[in-house]
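One structure is given below, encoded as C-alpha cells.
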Amino acid sequence: GEEERRRRMSTSMITPDAISTILKNPSPDSSSEVPDLVVQILDLKPVGKGSKYIFTASDGKMKLQALLQSSFASEVNSGNIQNLGLVRILEYALNDIPGKPDKFLVVSKCEVVSPALEVEVKSEVKSEHNGIVLKPKEVMEMKSMGNGILLKPKQEIVAKSAAQIVQEQHGNTAPSARMAMTRRVHPLVSLNPYQGNWTIKVRLTGKGNMRTYKNARGEGCVFTVELTDEDGTQIQATMFNEAARKFFDKFELGKVYYISRGTLKLANKQFNTVKNNYEMSLNENSEVEEASNEASFIPATKFNFVKIDELGPYVQGRELVDIIGVVVHVSPTMSIRRKSNDETVPKRDITVADETNKTVIVSLWNENATTTGQELLDMADKLPIIAIKSLKVGDFNGVSLSTLSKSVLLINPDIPEAEKLRSWYDSEGKGKSMVSAGAGMSSSPQSGARSMYTERVFLSYITNSQSLGEEKPVFFNIKACVSLIRADQTMWYKACKTCHKKVTEAIGSGYWCEGCQKNDEECCLRYILVLKISDATGEAWISMFNEQAEKIIGCSADELDNLKSQNAEEYQSKLKEATWVPHLFRVSVAQHEYMNEKRQRIAVRSLAPIDFAAESRFLLEEMKKVQVSL
C-alpha cells in the first residue's frame, strides 16, 4: 500500500548522522543490532590486486574511510555497487588505523539502495572557525593571511538532500516505477539463489493456466509465467496458493513489470521449458508493479541454436530447441482434426536444412501455418533462411519439430548465423545430397530416437531389479557390447517370404504357411537368436530378432547358413567379428514363467551404432548434472 511505498522511499535516503551512529557503536554483536544505516559511496577505487575496494562513506555531514571486502568485487565489477551510489550497511566493524586517531570502517555486508546519483549529497554545513559561522547557502573559502583571516566568497552551493537529488533525477516518476528508482534493475542473467534483494524489469511473454493439485499436504492451486528481460534472457516464475490468487489476474500477457522480493532455485528441467539454470518463485509478499507510464521495451529474440544433426537427445523431451536453416520445401496448408476437442486446425510442413547436410520437417500450426507459412510458400523458390525459437522435438520419422503458441519465427533474420548459412548453401550446400535427421531411426515411441538418449541405464540396474516388467513390459536403453554368441545354438527359423511367419514342410514338397493359408515352393531364413551383452557394470543374456540381428552379424540368416555349410572356420570368424563392438540397444524387460518359475526376459527392440559425437555430447550433459548435484 501507500504506507509501504513511503517506507521504501524513506529507507532509500541517506540516514542522518549515520557516521556518528557507527562511531558510537564500533562493534555491534549481530546484524539485528545494526540500525538503518544508508550512506553514499564516494571516491570508490580498488586496492591491491583489485579484489578489495576502498571508499569514503558519507552521510552528507560526516565522512569515514571504509573498505569493501573482497566478496564485493563482483558487485563492483558488474556495476551493482557504484561511486556516488547509496548503500545500506548491514554488518560492519570499526578498526583503528595504526599511529593515527582515525577509525577505518570495514563493511562485511551491505545492500544497494540506489545507483549513482548525479552529485555528492551534502547537508547544511555549520563549522565554527575563530568564531565565524559558515551559513549553508554561503560557503566561504578561508585563506590565512598573517595573523588575520580573509573570507573569500565562493560560488554559491545549494546543499541538497538525497531525496531532492533522487526526485530531480527521476522527476515525478509513477509509483509503479519506484522500485527502479530505489534499487538497481538487475538483468536476469545476473541473478542467482545467493543474492539478497533485487529488482527486475521484464515483459510477460508466457502465462499458464491456473491449475489445482492435491497431495499429502492438502489441496492448492498453482500457475507459472515466462518472463523476458530487455536482453532476451528468460526465466520461469511459479506461484502457489495465495500468491497464485494474488497475481493471476495482475499478470497480463505482453505487459512490462517490475518484480522484486522473489526467490531463486535450480530449475527442475522436468517441469521447465525455459533455457535458464534457475527458476523463480513468487510468494504473497513479493512485489509486482506494472511499468505502465514508462517507455516499454521489446525483448530481443535471443537464440540458442541446435544443429539439426544434434536433435536426437531432445526427442520427446520437455526441453524446447531453437534452429536455423534453409527452407528447401514448403507444403500446402492441411486441416487437422484434434482428437481432444474435435476441432480442426491448420497445419503446414516445411523442410529445413543446415550445414550438417541433414534435413528436418518442421510442422507449423495455426497462425504460423497460415501467415508465416504462406509467406514462406510465396518465396519458396528463393530458398529463404528461417530462424525459429521454442520448438518441440517429436519422434515422427525419427526426429520432427513442431511450433507452439510461444514459438518465434523470423524469415531471413539479420544475424551472423543467417549470413553464414546463406554463404554455405549458395557455395556448396545446394549441390549436396541431404539426409533426413531421423534416417535409420525408428519413429515408434518405444524404439524411437529418444530412446538412445533418454531412459539410459546400466545393465546392473536391470539384472538387479528382478521385479521389473511384472505388470507390463518396461523399456530402457543401454550402451553395451556383444560379448558372446554361441555358435551351436539354433539361430534362425524357416519363414514365409510374404508374412515372415514360421512355416512347416508341406506334404509332398514346399512349405505351408498357416498365416497365408498357402503352400510355397521356397522359404527364407530369419534370425531369432540369444546372445550375451556386457557393459561396465555386468552382463545379461538377451534375445534378438531378424532386423536387429542382421545389423549385429552383418549378413542375412540365409547368407550365414550358406557360410556355415561351406566353411565352418569362416562361420566362426564371422560370429567373432560381431563381438566387442559397442552399440546402443533399446530393450524391453518383461517377466515370463519357465518351469513354474518367473524369469526376466530382455529383448532387443532396436539398436544403432554409436555416434561418438552425439554420445560425447550426451555424456557431457550427464557430467554437468552430476556437477550440479554436488
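The listed residues are K406, K382, K389, and the only one of them that is under 25 Å from the mean Cα position of the chain (by Cα), modelled with pLDDT under 95, of a type in the set (D, E, K, R) and surrounded by fewer than 16 Cβ atoms within 10 Å (Cβ to Cβ) turns out to be K406. Note on region 15-68: among residues that are modelled with pLDDT of 85 or more and acidic (D, E), the one that is least open to solvent (accessible area, probe 1.4 Å) is D59.
Pull up region 596-630, narrow it to residues that are assigned to a strand (DSSP E or B) and open to solvent by 70 Å² or more (accessible area, probe 1.4 Å), then point me to the one that is nearest to I462 (Cα to Cα).
Residue satisfying both the conditions and the ranking: R601.
When region 216-233 is filtered for residues that are surrounded by 20 or more Cβ atoms within 10 Å (Cβ to Cβ) and out of contact with any Phe, Trp or Tyr (no Cβ under 9 Å at 6 or more places or on another chain), the ones remaining, listed by number, are E226, T228, T233. Do we have any residue at all in region 575-593 that's more than 25 Å from F458 (Cβ to Cβ) and in contact with an Asp or Glu (Cβ under 8 Å, 6 or more places away or on another chain)? Checking region 575-593: not a single residue is more than 25 Å from F458 (Cβ to Cβ) and in contact with an Asp or Glu (Cβ under 8 Å, 6 or more places away or on another chain). Does L584 satisfy the condition of being farther than 18 Å from R486 by Cα, of a type in the set (A, V, I, L, M), surrounded by fewer than 16 Cβ atoms within 10 Å (Cβ to Cβ) and at pLDDT 85 or above? So L584 fails the test. Could you please let me know if L94 is touching a residue at least 40 places away in the same chain (Cβ under 8 Å), closer than 14 Å to L44 by Cα and not polar (S, T, N, Q)? Answer is no for this residue.
Of all residues in region 409-430, those that are under 18 Å from E375 (Cβ atoms) have Cβ atoms under 6 Å from Cβ atoms of residues that are among the β-branched types (V, I, T) and part of a helix (DSSP H, G or I), 6 or more apart or on another chain, in L409/T372.
The values are calculated or read from the model by the stated rules, or taken from the named source; none is laboratory data. None of these values were measured; they are calculated from a predicted model. Neighbour counts run over all protein chains shown; Cβ positions are idealised from the backbone, glycine included. Remember, those area values only see protein heavy atoms, side chains included, never the ligands or the DNA or RNA. Shrake-Rupley method; radii C 1.70, N 1.55, O 1.52, S 1.80 Å.
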